Amino acid sequence: MFERRLYKLGVTLSWIGVLAVILVASFMPEQEGPQEQGILPQDWNLFHIPAYAILAVVTVGFLRSRRLSPHTAIGISILFSSLLGLGIEWLQPLFGRTQSLIDFGFNEIGVLLGTTAVMVFFYPRQWLRL
């Protein structure tokens, strides 16, 4: 019983942490700093893919810790992560950032890679039957 609660706490804190990092990074005003460090603005777009892949994976873990079925958890994870990415892109102009459908596309690639990884590595038998 204690182990289960500790597991749920760890998964919940992981989910909140990943979500917080994405939100903070998404709403920070744009600066000229990355170019000075040798990272071009278009290269920053590539960070969307692993960020949203990790978000999708920890969202599935969070939902599974709440005893949802793998199919339901993955479906909700895709929906939640996609709507979060869309909402962030829509709200970014309020924080001095620019909206970008390319960013949203990279978010979606990350979500699909993350949920595919969950399906392949954690629940392969359940997906091969489909």
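If I ask for residues that are among the hydrophobic types (A, V, I, L, M, F, W, C) and without any contact (Cβ under 8 Å) to a residue 12 or more places away in the chain, which ones from region 113-128 would you list?
Result: Val120, Phe121, Trp127, Leu128.
Tell me, which residue of region 60-76 that is more than 12 Å from Phe122 (Cβ to Cβ) and hydrophobic (A, V, I, L, M, F, W, C) is surrounded by the most Cβ atoms within 10 Å (Cβ to Cβ)?
Looking at residues that are more than 12 Å from Phe122 (Cβ to Cβ) and hydrophobic (A, V, I, L, M, F, W, C), I get Phe62.
With Thr72, Thr59, Thr98 as the choices, which residue is touching a helix residue (DSSP H, G or I) at 6+ places or on another chain (Cβ under 8 Å), assigned to a loop (DSSP other than H, G, I, E, B) and among the hydroxyl-bearing types (Ser, Thr, Tyr)?
The match here is Thr98.
Specify the residue that is modelled with the highest pLDDT; the eligible residues are those in region 33-61 that are over 15 Å from Ser82 (Cβ atoms) and among the small types (Gly, Ala, Ser).
Gly61
Just checking, which of Glu89, Glu30 is acidic (Asp, Glu), surrounded by fewer than 17 Cβ atoms within 10 Å (Cβ to Cβ) and at pLDDT below 95? Walk me through it before giving the result.
Numbers: Glu89 fails: surrounded by fewer than 17 Cβ atoms within 10 Å (Cβ to Cβ).
Result of the check over Glu89, Glu30: Glu30.
Whether any residue in region 99-106 is within 22 Å of Met28 (Cβ to Cβ) and touching a residue at least 60 places away in the same chain (Cβ under 8 Å) is what I want to check.
yes
The values are calculated or read from the model by the stated rules, or taken from the named source; none is laboratory data. This is a predicted model, so every value here is computed, not measured. Cβ: placed from backbone, ideal geometry, glycine included. Neighbour counts: every protein chain shown.
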